[in-house]
Amino acid sequence: MIVYASRTGNVRNIVSKLKVESIEISEGLLLSEPYLLITYTDGLGDIPVKVTRFLEENKELCKGVVVSGNSNFGHAVFGGAGEKIAATYHVPLVRKLDLRGYQADYEAIQTFYETRVMG
Ligand SMILES: Cc1cc2nc3c(=O)[nH]c(=O)nc-3n(C[C@H](O)[C@H](O)[C@H](O)COP(=O)(O)O)c2cc1C
């Protein structure tokens, strides 16, 4: 399962490139199977509030995180949500994508999913 948060559509577009069942984060969502999290970055390198709320209830089943950011924000905060999630919840940061990313990113995510989330 892929669980994702998208505000302006970039992460939704990334998810659409993957051959994996997916669900968007909504208030109170509770997962019962392992999942890969894909999120955007908010503030100045921050985790979106709804993603933190979701993780607090579902952290045990999170197998990794993929983050989308905008490199124009600067190296220090580019994709910062992914760094923070990886450090806080002790999961691998699988990939950091600039906006919608590229084909190579989708292939790397798909491979990680098949080997480390389902595998
Ligand atoms: C208010 C705001 C703050 C943002 N802050 C950051 C940031 O600190 N670092 C970063 O890499 N991207 C930042 N972004 C860019 C988004 O994370 C990026 O555009 C992402 O692709 C959005 O995904 P979405 O279209 O699925 O919502 C910010 C965007 C907005 C609107």
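Odds and ends about this structure:
- Residues of region 32-70 satisfying the condition of being closer than 13 Å to Leu97 by Cβ and not hydrophobic (A, V, I, L, M, F, W, C): Thr39, Tyr40, Thr41, Ser68, Gly69, Asn70
- Residues of region 30-57 that turn out to be surrounded by fewer than 18 Cβ atoms within 10 Å (Cβ to Cβ) and within 19 Å of Tyr113 (Cβ to Cβ), as a count: 4
- Leading residue by the ranking (farthest from Phe73 (Cα to Cα)) among those in region 1-48 that are of a type in the set (Phe, Trp, Tyr) and without any contact (Cβ under 8 Å) to a residue 60 or more places away in the chain: Tyr4
- Set side by side, the residues Ser71, Ser26, Ser22, Ser16 differ, and just one is loosely packed, with under 15 Cβ neighbours inside 10 Å and more than 12 Å from the ligand (Cβ to nearest atom), which is Ser26.
- Per-region count, region 1-45, residues acidic (Asp, Glu) and more than 13 Å from the chain's Cα centre (by Cα): 3
- Thr88, sole failed condition from (1) crowded, with 18+ Cβ neighbours inside 10 Å; (2) away from the ligand (no atom under 16 Å from the Cβ); (3) hydroxyl-bearing (Ser, Thr, Tyr): (1)
- Strands (runs of 3 or more DSSP E) contained in region 2-119 and holding at least 3 residues out of contact with any His (no Cβ under 6 Å at 6 or more places or on another chain) and of a type in the set (A, V, I, L, M): 35-40, 62-69, 93-98
- Any hit, region 10-20, residues being within 25 Å of Gly119 (Cα to Cα) and either of a type in the set (Phe, Trp, Tyr) or at pLDDT below 95 (or both): no
- Search result, residues across region 29-56 that are more than 8 Å from the ligand (Cβ to nearest atom), of a type outside the set (Val, Ile, Thr) and in contact with a strand residue (DSSP E or B) (Cβ under 6 Å, 6 or more places away or on another chain): Pro34, Tyr35, Leu36, Leu37, Pro48
The values are calculated or read from the model by the stated rules, or taken from the named source; none is laboratory data. Note that the structure is a prediction, hence the values are computed from the model and not measured. Neighbour counts run over all protein chains shown; Cβ positions are idealised from the backbone, glycine included.
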